[in-house]
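In what follows, a single structure is set out as structure tokens and then discussed.
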Amino acid sequence: MPRKSPRFTAGSLIGMVALLSPASAVAQPISPAETRAIAKEAYIYGFPLVDSYRVQYSYFVDRSSPEFKAPWNTLYNTARLYTPDDKAIQTPNSDTPYSFVGADLRAEPLVLTVPAIEKERYYSLQFIDMYTFNLAYVGSRATGDDAGKFLLAWPGWKGDTPSDVKSVIRSETEFAFVLFRTQLFNPADIYNVKKIQAGYKVEPLSQFLGKTAPTAPPASDFFKPLSAADEKTSPELFNILDFVLQFCPTHPSERELMARFAKLSLGAHGAFDAKALSPELRTAVQQGMEDAWKTFKEFKKRRLILESTAAPMLLERAST
């Protein structure tokens, strides 16, 4: 459902990071001024991670959520049209019933199979990592209408690719999101959409090969996310960012960035605790978040992002 308030997206936020000057090196303990500067930069960097985690938590973790779809690595089809009651993400299409996969790639890759689809019908699989970068597309415009198999893996996977797999898609993060769209021509066409969705298949690589599954990763105690509204103002956002970063191997271009974040105890180790901040530092963190929103508004004025929040920029890392 569209939101009237400003919304950060991966494209807009990564672009804004380029506008920020690096925080100066200050000896510990960290000062309120540096805390504010780092909080601003970390908020701009981390908002897409935290917000995408909120969506995936509601879809694939929280079974009590009205938005819950299925457990990780399980395909879920919705052969219906979306309405304003579907609120986890904004502006779902009304003519492309969706299928969803929350991909946990820590143990092994997934193999996704698509059937042959008539040339007149649009379909697509959009692969999105936790940063909200688009990894790849499979579908009528990107790969054609023929049947095919595609392997989704995280960068650390070094196994052999099965011969009948068309291509390997690599996620920068250990969790990813695959969003399927299947065109619906008219209400009576829903039965044909159901048949196509029944032809979609998602399997762990070991299952696809008929082999024993590898050792499962340690169970994760997933944080309960903030609401979309609280993400804009609550310092607890950094608790969630610290948790999510453990699933996001540091990109070589961001090592210095992570070193700055570490001054605020951010960095995939669970050390940040908003409740433990002194009143002075908590105020500095909140001021940094406010500064980030001011930068976002200035960024929009420069026309570096689309003016409509209903059409966010979803980019690949290479295009930022």
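Bear in mind these aren't lab numbers, they're just calculated from the coordinates by the rules spelled out. For clarity, every value in this text was computed on a predicted model and none was experimentally measured. With ideal geometry, Cβ positions are generated from the backbone for all residues, glycine too; neighbour counts draw on all protein chains shown.
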For a label point 7 angstrom out from the Cα of THR283 toward its Cβ, which stretches of segment 30-48 have the backbone nitrogen within less than 18 Å? 30-40
By the scheme Lys and Arg +1, Asp and Glu -1, what is the net charge of all other residues having a beta-carbon under 12 Å from that of LYS211? -3
State, to one decimal in nm, how far the label point of ASP95 lies from the label point of ARG63, with both points 7 Å from Cα in the Cβ direction. 3.9 nm
State whether segment 200-249 is rounded, prolate or oblate according to the following rule on the C-alpha gyration tensor (a ≥ b ≥ c being the square roots of its eigenvalues): a/c under 1.5 gives rounded; otherwise a/b larger than b/c gives prolate, and the remaining case gives oblate. prolate
At a Förster radius of 22 Å, what calculated FRET efficiency corresponds to the Cβ-Cβ distance of TYR137 and THR113, to the nearest 0.05? 0.85
Full-extension gain in nm, ASP273 to TYR191, via 0.36 nm per residue minus C-alpha separation: 24.5 nm
With a ≥ b ≥ c the root eigenvalues of the C-alpha gyration tensor of segment 188-309, is it rounded (a/c under 1.5), prolate (a/b larger than b/c) or oblate? oblate
Global geometry of segment 37-190, whether rounded, prolate or oblate, following the gyration tensor of its Cα atoms and the 1.5 cut on a/c: oblate
Express the relative contact order of segment 76-209 as a whole percentage, based on alpha carbon pairs under 8 Å and six or more residues apart in sequence. 34 percent
Exposure proxy check: GLU290, GLU298, GLU174 ranked by fewest other beta carbons within 10 Å? GLU298, GLU290, GLU174
